[in-house]
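Take a look at the structure below.
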Amino acid sequence: MAAQLRLGEVHEFGRKDPPWGRGVRRTRIGRRFSSDDYEGVPEDLKTAAEWYQKAAEQGHVTAQYALGMLYFGKVEDKKKGCEWYQKAAEQGHEDAQYNLGQAYYTGEGVTQDLKIAAEWYQKAAAQGISDAQVSLGAAYAKGEGVPKDLKTAAKWYRKAAEHGYENEGAKALLEELAEQGIIEAQAALKSLQEKSEFDKLCELADIWNLQPKKAFEWYQKAAEQGHVKAQVRLGGLYARGEGVSQDLKKAAKWYSKAANQGYADAQSNLGWAYAKGQGVSQDLKTAAEWYQKAAEQGDGKAQNQLGLAYSNGAGVTQDKKTACAWLQKAAAQGISDAQASLGAAYAKGEGVPKDLKTAAEWYRKAVEWWGGV
């Protein structure tokens with residue numbers, strides 16, 4: 001399946017990288033392939049579509065998104081494009097969710113429906129897609145598909161601006177609301193000014209990342225001022241003992257600060273800490289709760305761990321069917337452990353109908369990630 005995706009990319013883009021990254025979109029797909037392997041292969045959209053389709057029909061989320069992009073752009077079959085965007089979006093692919101929202105907003109490839117557009121914007125916005133956050137903010141500002149609510153509009157514009165929305169477009173929209181006397185917008189502009197200082201500190205930490213002690217100093221400065229990414233990175237340094245003495249309790253503390261701000265990676269890490277009793281008292285129920293929060297934002301690691309929790313009844317009521325649903329989401333993102341677990345589920349008929357052929361397919365995919373095929 002990884003080869004099928006890569007072959008599709010090669011026939012569509014030649015030696016250039018695709019917009020979602022070569023052979024990978026939040027997965028490890030295609031890292032064993034390089035453009036040198038396919039030097040001289042001509043660009044061929046028909047062949048690209050065929051290879052994408054082979055992988056997409058097996059549930060490969062990146063291939064589904066790629067097929068949507070191909071049909072919506074170069075091949076010009078927007079109805080088909082939307083069908084594949086829908087499949088990828090339902091698996092949690094954030095860019096597909098945003099593109100599907102755009103399609104419903106404009107009525108391209110689907111019947112125009114501003115309510116459905118806003119729903120998909122919401123899903124993509126929750127995963128940090130700044131374009132979706134701006135579009136959702138605009139929907140609330142204009143009352144398109146959702147009730148008009150300038151305070152909520154300001155909230156989403158703020159999130160987009162915090163993600164560095166291109167050309168400071170979100171900041172300009174916030175300024176418009178601030179001029180109308182929306183207090184939330186005024187507060188957001190003040191916060192953004194402060195955050196720019198935090199970002200400078202975090203950038204300095206990134207520069208010094210190869211020197212852990214120096215990185216630790218800068219991450220700490222930014223983390224103490226509320227920078228969520230710095231908090232996660234600082235937690236990681238404490239967890240691994242890089243640049244500072246290992247301190248799992250402090251690692252969990254910083255993960256908790258970022259997790260409570262809705263940062264999925266931190267929520268997943270905090271879930272792991274509670275599951276293993278690392279820096280906090282072991283609490284499988286709390287672990288599952290944090291995994292759930294991160295999993296709902298599309299975090300593949302958390303989806304895998306939540307699936308295992310439901311499979312084993314660890315912190316939640318055992319439910320093999322729900323376990324497989326979460327493992328399926330993680331497996332579609334290329335999480336090899338989830339693919340192996342899903343293979344076992346199909347082999348035993350636990351949570352899904354027994355199907356040795358499907359089991360073999362998931363085992364094969366897992367082996368591909370481990371480099372065995």
* Check Val367, Val352 and return the single one that is of a type in the set (A, V, I, L, M) and either under 19 Å from Gly92 (Cβ atoms) or in contact with a helix residue (DSSP H, G or I) (Cβ under 6 Å, 6 or more places away or on another chain) (or both). => Val352
* One residue from Glu76, Glu119 being of a type in the set (D, E, K, R) and under 28 Å from Ala330 (Cα atoms) -> Glu119
* Yes/no for Lys221 being part of a helix (DSSP H, G or I) and in contact (Cβ under 8 Å) with a residue 24 or more places away in the chain -> no
* Asked: Does Ala125 count as surrounded by 19 or more Cβ atoms within 10 Å (Cβ to Cβ) and either among the polar types (S, T, N, Q) or at pLDDT 90 or above (or both)?
  -> no
* **Condition check for Ala366: touching a Leu at 6+ places or on another chain (Cβ under 7 Å), part of a helix (DSSP H, G or I), hydrophobic (A, V, I, L, M, F, W, C) and free of Cβ contacts under 8 Å to residues at least 60 places away in the same chain** => no
* Looking at (1) in contact (Cβ under 8 Å) with a residue 12 or more places away in the chain; (2) surrounded by fewer than 24 Cβ atoms within 10 Å (Cβ to Cβ); (3) closer than 20 Å to Gly236 by Cβ, can you tell me which one Lys276 breaks? -> (1)
* Structure fact -> Residue hits (region 291-334; surrounded by fewer than 23 Cβ atoms within 10 Å (Cβ to Cβ) and of a type in the set (D, E, K, R)) are Lys293, Glu296, Lys301, Asp319, Lys320, Lys321
* Go through region 106-125 and give me each residue that's touching a Phe, Trp or Tyr at 6+ places or on another chain (Cβ under 8 Å), of a type in the set (Gly, Ala, Ser) and assigned to a helix (DSSP H, G or I). => Ala117, Ala124, Ala125
* **Unique match (being farther than 18 Å from Lys123 by Cα and surrounded by fewer than 23 Cβ atoms within 10 Å (Cβ to Cβ)) among Glu90, Glu76** => Glu76
* Filter result (farther than 14 Å from Lys155 by Cβ, within 18 Å of the chain's Cα centre (by Cα) and in a helix (DSSP H, G or I)) within region 126-143 -> Asp131
* Give the residues of region 144-184 that are among the small types (Gly, Ala, Ser), modelled with pLDDT under 70 and over 26 Å from the mean Cα position of the chain (by Cα), sorted by residue number. => Ala172, Ala178
* Structure fact -> Of the residues in region 335-350, those that are part of a loop (DSSP other than H, G, I, E, B) and surrounded by fewer than 22 Cβ atoms within 10 Å (Cβ to Cβ) come to Gly349, Glu350
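The values are calculated or read from the model by the stated rules, or taken from the named source; none is laboratory data. The model shown is predicted, which means the values in this text are computed figures rather than measured ones. Every residue, glycine as well, gets a Cβ built from its backbone with ideal geometry; the counts of neighbours run over all protein chains shown.
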